[in-house]
Structures are given as C-alpha cells and as structure tokens.
Amino acid sequence: MIRKRIVSLMVAGLAAVGVAGALPLATAAPAQAAIISGRCEFTASEPQLSYAPNTYKVAVKQAQCELNWAMTGDNLTVDGYFGSDTRAAVVRFQRCVGIDDDGIIGPVTWGRLNYWARSNSYAC
C-alpha cells in the first residue's frame, strides 16, 4: 500500500514537471528593469548599445552608471555618449564576467550589468 502511494506521488510529480516544462517562454519572469534605486536611475530601457561617440542616448548614461557600480577603477564620465572609454569599460566588464567581449551591450550584458550594479561587491 505504501509502495503504491509513493509510486503514485512520483508519477504525479513527474506529470507536474512535464506540464511546467511545456509552458511557453512568455510566462517566464521578466528581467528586472535597469532602474537601480539609489544608484542608477536614468532609464529602464535596455536597447542594444555599441560604439557611437557622437550619438547621445539616455540608455548609455544608465549603462555608464552601472559599469561604474559594477567594476572598480574605470570611473566613467556618465555623459550618455558611447565613446572609446565606454567601449573599453564594456569589454573589460564582459571579460570579467565571462561573456563574449564584443563591446556591445545587448541582453546578456544588460543582465550581468543589472546584477553587478545592484550587488554590494564588484565583478572586477
């Protein structure tokens, strides 16, 4: 009787896992917004960003701020321009966290930036 109950519970558990695994990706919890209260509050927008020194974007200010909180030593000017200093800081950060070091801030880099800028320690 006990063995039958255990098997029944195991089958029910596996069925529940199978159903949960079949849920569409849209039901996954969204990533936290870029706004980091008390630290970086420029925008929650996280567009792909790359080297464009003469183009101002508020999202670049958010990224620069997060880079300053995520790493020691760079002290980027938070000016909204993605120039060579910002690109170098992005590449350094990407290397520190073990992701593709292409100098482009896309979804993966944003996710790591959000994590480390909220952290009480540094990625490097």
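Where a number appears in this text, it was derived from the coordinates with a stated rule and is not lab data. This structure is a prediction, so every number in the text was calculated from the model and none was measured.
Stretching the chain fully between T77 and A44 yields a gain of 9.9 nm (0.36 nm per residue, less the alpha carbon separation).
Contact order, relative form, for region 49-124: 38 percent (alpha carbon pairs under 8 Å, 6 or more residues apart, mean separation divided by residue count). Potential lengthening of the chain between V108 and A88 amounts to 5.5 nm, from the contour at 0.36 nm per residue minus the alpha-carbon distance.
Estimated at 0.36 nm per residue, the fully extended path between D101 and R118 surpasses their Cα-Cα distance by 4.0 nm. The alpha-carbon atoms of region 39-124, seen along their principal axes, cover 31, 25, 23 angstrom, with the largest extent given first.
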